[in-house]
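Undergrad: The structure that follows is given in the form of structure tokens.
The values are calculated or read from the model by the stated rules, or taken from the named source; none is laboratory data. Small disclaimer: the values here were computed from a predicted structure and weren't measured. Using ideal geometry, Cβ is built from the backbone for each residue, glycine included, and neighbour counts are taken over all protein chains shown. Quick note on the areas: whole protein, heavy atoms, side chains included, nothing else; ligands and nucleic acids left out. Shrake-Rupley method; radii C 1.70, N 1.55, O 1.52, S 1.80 Å.
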Amino acid sequence: MNRGMITSLSAIGIAQGLKIVTHKNLTGRWDWRSMFKTGGMPSSHSAGVASLAAYIAAKKGWDSIEAAIAIIFGIIVMYDAQGIRRHTGEIAKIVNDLDANIELLSGQHPGLFHVKQEKELNELLGHQPVEVAGGALLGFIIGNISSKFD
């Protein structure tokens, strides 16, 4: 495995691990499961692509074709994380709320038939812009540090 891959995978792992700490700060409770969930602070997607781009840029130069590819790839991933994936999570919340409301109504109106979902849709799919920025900053730092030890 090459150093760029190790750097990127390490940044993803560190970002996922930090989600445990941010969850504790938000809720006051430790929850190790947050390490294995999507969404949250910092974005591991952003950390992974930013660390790879920073590492490549530090090794090959900011004007190299490799750095350009990594940076554009990173921008697309980060845009998707805070755009499409976040909106999908917001739609999932609306669907879950709608299902709960129909369940409540069907209990009040015997003629209304409703089969409740067995499992709610995952609502935490994407990231807020600050979570993407946090992951990108973390990745940038990790990528630059990693480039010094190669």
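Undergrad: Do you know which residues across region 8-56 are among the hydrophobic types (A, V, I, L, M, F, W, C) and free of Cβ contacts under 8 Å to residues at least 40 places away in the same chain? So that I can check it myself, show each step before the final result.
TA: Within region 8-56, the first condition is being among the hydrophobic types (A, V, I, L, M, F, W, C), and the residues that meet it are 9, 11-12, 14-15, 18, 20-21, 26, 30, 32, 35-36, 41, 47, 49-50, 52-54, 56.
Correct list: LEU9, ILE12, ILE20, VAL21, LEU26, TRP30, TRP32, MET35, PHE36.
Undergrad: Kindly provide the set of residues from region 1-20 that are more than 21 Å from ALA57 (Cβ to Cβ) and either open to solvent by less than 40 Å² (accessible area, probe 1.4 Å) or modelled with pLDDT under 90 (or both), ordered by number.
TA: Looking only at region 1-20, we keep the residues that are more than 21 Å from ALA57 (Cβ to Cβ), and these are 13, 16-20.
Residues satisfying the conditions are GLY13, GLN16, GLY17, LYS19, ILE20.
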